[in-house]
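S.K.: Starting off with a structure, shown below.
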Amino acid sequence: MFERGMGGMSDFEGLFGLFGLMFGLIVAELALKFADAIDSYRERPIGILTPALALLVLTDVTSFWVWIWALRNSLKVNWHTVFGGVLLATVYFLAATLVFPRTNRGWAHLDHHYWSRKRLVASGILFANIVIIGLMLTRAMPAWNDWWFYFNFGGYLVALTGLVLSRSRRLDFVFLGWALAINLLAGADLLPGSHWGHEMGLHPSAEQHATINTATGDALPVTHLHHYERLTWVRSAMAIT
């Protein structure tokens with residue numbers, strides 16, 4: 001359990017607040033620069049590659065947020081943890097700032113800027129993912145036949161590596177689509193979760209979806225939630241009458 005300070009906030013809640021601030025800055029950076037790109041699309045066409053790269057950064061930093069939450073019970077808040085988290089958040093922020101042009105340097109098309117910065121952005125995302133996945137692997141190793149782990153995580157790293165190395169527009173579409181598909185489908189729970197993901201708390205199982213019976217303090221499994229909610233509502237209605 002995390003210790004709480006005088007203000008009632010735990011150490012992890014304070015750390016998570018810092019990550020929340022960085023997440024907000026990243027979202028604001030991407031949104032504002034995309035708005036600028038839309039505003040000047042007549043003079044500088046947007047294309048598809050740059051918005052796809054921006055979406056990749058946005059979905060990946062969302063996964064970073066989820067991973068930090070999954071590690072909440074094992075994170076020890078100290079200087080090393082805070083500095084490591086700030087370092088990863090800085091890498092994400094730098095990646096976000098490089099997606100769109102910082103200044104009007106006469107880019108005739110956003111695709112030109114994409115090819116000059118894409119490798120830096122993809123390398124930053126790849127570095128952050130290797131660090132985070134490596135950290136989580138120190139807590140638990142996947143089974144040799146946990147195929148969805150290798151598809152979701154291994155396949156994603158392969159797509160990012162391909163994006164870093166590719167110099168082909170066609171291959172970039174493939175790798176961007178591959179990485180985005182994994183992020184969006186896994187995030188929307190449209191892909192089966194791996195056993196390792198369940199163990200790490202990335203894909204809560206049915207047993208983890210429980211609430212607490214305020215009368216007894218016992219955890220209620222998900223199969224009893226609706227009955228408990230109806231019973232609580234009936235008791236409240238009887239008390240009002």
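The values are calculated or read from the model by the stated rules, or taken from the named source; none is laboratory data. Since this is a predicted model, take the numbers as computed values, not measurements. In this analysis, Cβ positions are derived from the backbone assuming ideal geometry, glycine residues included, and neighbour counts consider all displayed protein chains.
S.K.: Which ones in the stretch 109-126 are surrounded by 15 or more Cβ atoms within 10 Å (Cβ to Cβ) and among the polar types (S, T, N, Q)?
M.R.: The one that is surrounded by 15 or more Cβ atoms within 10 Å (Cβ to Cβ) and among the polar types (S, T, N, Q): 123.
S.K.: So, one more: Return yes when residue 68 is touching a helix residue (DSSP H, G or I) at 6+ places or on another chain (Cβ under 8 Å), in a helix (DSSP H, G or I), of a type in the set (Val, Ile, Thr) and farther than 30 Å from residue 41 by Cα and no when it is not.
M.R.: yes
S.K.: Restricted to the stretch 185-197, and to residues that are part of a helix (DSSP H, G or I) and surrounded by 15 or more Cβ atoms within 10 Å (Cβ to Cβ), which residue is modelled with the highest pLDDT?
M.R.: 186
S.K.: Going by what's in this entry, would residue 81 be described as within 22 Å of residue 188 (Cβ to Cβ), of a type in the set (Val, Ile, Thr), touching a residue at least 40 places away in the same chain (Cβ under 8 Å) and surrounded by fewer than 17 Cβ atoms within 10 Å (Cβ to Cβ)?
M.R.: no
S.K.: Follow-up. Please tell me if residue 148 is assigned by TED's automatic domain parsing to the domain that holds residue 74, more than 16 Å from the chain's Cα centre (by Cα) and in a loop (DSSP other than H, G, I, E, B).
M.R.: In short, no.
S.K.: Continuing with this model, one more query. Residues in the stretch 81-122 that are out of contact with any Gly (no Cβ under 6 Å at 6 or more places or on another chain), modelled with pLDDT of 90 or more and β-branched (Val, Ile, Thr): how many?
M.R.: Qualifying residue count for the region: 4.
S.K.: Can residue 91 be described as among the hydrophobic types (A, V, I, L, M, F, W, C), assigned by TED's automatic domain parsing to the domain that holds residue 179 and within 13 Å of residue 132 (Cα to Cα)?
M.R.: Against the criterion (among the hydrophobic types (A, V, I, L, M, F, W, C), assigned by TED's automatic domain parsing to the domain that holds residue 179 and within 13 Å of residue 132 (Cα to Cα)), residue 91 qualifies.
S.K.: For residue 129, indicate whether it is modelled with pLDDT under 95, in contact with a Leu (Cβ under 7 Å, 6 or more places away or on another chain) and surrounded by 15 or more Cβ atoms within 10 Å (Cβ to Cβ).
M.R.: Judged against the criteria, residue 129 is a match.
S.K.: Any idea which of 98, 56 is in a helix (DSSP H, G or I) and free of Cβ contacts under 8 Å to residues at least 40 places away in the same chain?
M.R.: None of the others qualify; the one that does is 98.
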